[in-house]
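The values are calculated or read from the model by the stated rules, or taken from the named source; none is laboratory data. Given the structure is predicted, the values throughout are model-derived calculations rather than measurements. Because the Cβ atoms are built from the backbone with ideal geometry, glycine has one as well, and the counts that use them run over all protein chains shown. The area values use the complete protein model at the heavy-atom level, side chains included, leaving out ligands, DNA and RNA. Shrake-Rupley method; radii C 1.70, N 1.55, O 1.52, S 1.80 Å.
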Amino acid sequence: MVTTIDDTKRMAIAERLADLKAFLNLIISNEQKLIDSCPYEDVRERLQNMLSDDQKHLGIIDTVIVQYGIQSEPSAATKIFIPQFEQMMSGDEFTYYQKLIHHELIKHGQAMSGIMIHKAAQVVGADIELAIGPLNTVNFEGRAHQEQLKGMLEQVGVREMTGQDAHQGLWARVQDAVAALSGVAGSVVTQNTDKQDMNIQTLIRLDHEKVNTLFTEVGATKDPQKLQEYFGQIYKDLLAHAQAEEEVVYPKVRSFYGDDNTQELYDEQAQMKQMLDEIKAIDPANADHFRSKIKDLMEVVGDHIRQEEFTMFTAIDKNCSAEQKEQMATEFKAAKSKIQQEMSA
């Protein structure tokens, strides 16, 4: 019988994503404290812009964790480090310059962790690399923040020692150029706008792309262990996706999409759930039979995806405002995250 126990490499990435979110919450909290205590208007303005970016980044990381499909707690080391750092930064032992140095170090750690997760995903599986794609925005813009902080450190350090501004030398201009380039590259990946969340069509399409990638990986291997790993992820992803749609999306679209069309979506997902349970009972050592049944599932899922993307998405565009579509995405993401946590428990 197929199990849905997570592959250890996938669990390791899930823990790193949880660490990343925990550190970003720490960064946001620390940026607010630095803003409140900042004696320099120009530095305070730059920190405020970083805070605005990082609050959006938190939403992106939440999206990545839900798309990834495996919930985890932060590591034990992270749980120990964060309160120690908060206590250190809340004292009066450090000057503002010294506190800014430690903030830059945390930013550096966050950026490197995000890049490391991206590299690990490339090794572990194409579906993982796809799921964490939006994380590249956080990585690029976090790198831009690092360079901006270096320039700010020069100004604050010189002011504390001399009472005067530092000269805008070559190194500072290079930092600003790198920061600008990194920020532009990051914003291209997903969003660097006033949007608070992706719209519901984008979020659902990300799910569709991930499951199609998993189906491709199933088709490319006859290794029973890999088949079990890929199907385990398909099983959990499709169940969480279907339940979240049935809780959030379908009730909202029924009034303008129509009873018959909406009921058809429910019926297709009921068939899909039945097929998932049937495949779960098959021994993956019988690779040909196992893959044949997954191919049947893929056809059902493909028909369902086409209906959603070609007709339901159009109906949503015609009947919902941008704000309503973003709100639906936020509710869908929250529902899916809760479902994934319940499945893990």
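Only a single item in (1) touching a helix residue (DSSP H, G or I) at 6+ places or on another chain (Cβ under 7 Å); (2) open to solvent by 50 Å² or more (accessible area, probe 1.4 Å) is not met by Gln71, and it is number (2).
Within the range 72-126, if we keep just the residues that are aromatic (Phe, Trp, Tyr) and touching a His at 6+ places or on another chain (Cβ under 8 Å), the residue that is farthest from Leu34 (Cα to Cα) turns out to be Phe85.
The single condition among (1) surrounded by fewer than 18 Cβ atoms within 10 Å (Cβ to Cβ); (2) touching a helix residue (DSSP H, G or I) at 6+ places or on another chain (Cβ under 6 Å) that Ala242 does not meet is (1).
Does Thr311 qualify as being of a type in the set (Val, Ile, Thr), more than 25 Å from Gln341 (Cα to Cα) and open to solvent by 30 Å² or more (accessible area, probe 1.4 Å)? Here the answer is yes, as Thr311 does meet what is asked.
Return the only residue of Ser52, Ser37 being within 24 Å of Asn139 (Cβ to Cβ) and surrounded by fewer than 21 Cβ atoms within 10 Å (Cβ to Cβ).
On the way: Ser37 fails: within 24 Å of Asn139 (Cβ to Cβ).
Only one candidate qualifies: Ser52.
In the range 120-178, the qualifying residues are those that are more than 30 Å from Lys210 (Cα to Cα) and in a loop (DSSP other than H, G, I, E, B), and the one that is modelled with the lowest pLDDT is Gly169. Restricting attention to the range 85-110 and to residues that are open to solvent by less than 20 Å² (accessible area, probe 1.4 Å) and within 25 Å of the chain's Cα centre (by Cα), the residue that is nearest to Leu20 (Cα to Cα) turns out to be Gln110. Sub-9 Å Cβ pairs linking a first residue in the range 95-107 that is more than 17 Å from Glu160 (Cα to Cα) to a second residue that is open to solvent by less than 30 Å² (accessible area, probe 1.4 Å) and charged (D, E, K, R), at least 6 apart or interchain, are His103/Glu31, ordered by first then second residue. Do the conditions hold for Ile60, that is, is it within 30 Å of Leu130 (Cα to Cα) and open to solvent by less than 70 Å² (accessible area, probe 1.4 Å)? When the stated conditions are applied, Ile60 passes them. Of the residues that make up the range 62-75, is at least one over 30 Å from Ile234 (Cβ atoms) and not in a loop (DSSP other than H, G, I, E, B)? For the range 62-75, residues over 30 Å from Ile234 (Cβ atoms) and not in a loop (DSSP other than H, G, I, E, B): absent. The single condition among (1) at pLDDT 95 or above; (2) among the acidic types (Asp, Glu); (3) surrounded by fewer than 19 Cβ atoms within 10 Å (Cβ to Cβ) that Glu323 does not meet is (1). The set of residues in the range 332-345 being under 17 Å from the mean Cα position of the chain (by Cα) and in contact (Cβ under 8 Å) with a residue 12 or more places away in the chain consists of Phe332, Lys333, Ala335, Lys336, Ser337, Ile339, Gln340, Gln341. Does any residue of the range 269-283 turn out to be in a helix (DSSP H, G or I), β-branched (Val, Ile, Thr) and out of contact with any Lys or Arg (no Cβ under 6 Å at 6 or more places or on another chain)? Checked the range 269-283: no residue is in a helix (DSSP H, G or I), β-branched (Val, Ile, Thr) and out of contact with any Lys or Arg (no Cβ under 6 Å at 6 or more places or on another chain).
Exactly one residue out of Ala281, Ala287, Ala270, Ala329 is among the aliphatic types (A, V, I, L, M) and free of Cβ contacts under 8 Å to residues at least 40 places away in the same chain, and it is Ala270.
Pick from Gln228, Gln263: which is of a type outside the set (Lys, Arg), part of a helix (DSSP H, G or I), within 18 Å of Ile128 (Cβ to Cβ) and open to solvent by 30 Å² or more (accessible area, probe 1.4 Å)?
Details: Gln263 fails: within 18 Å of Ile128 (Cβ to Cβ).
After ruling out the rest, the residue left standing is Gln228.
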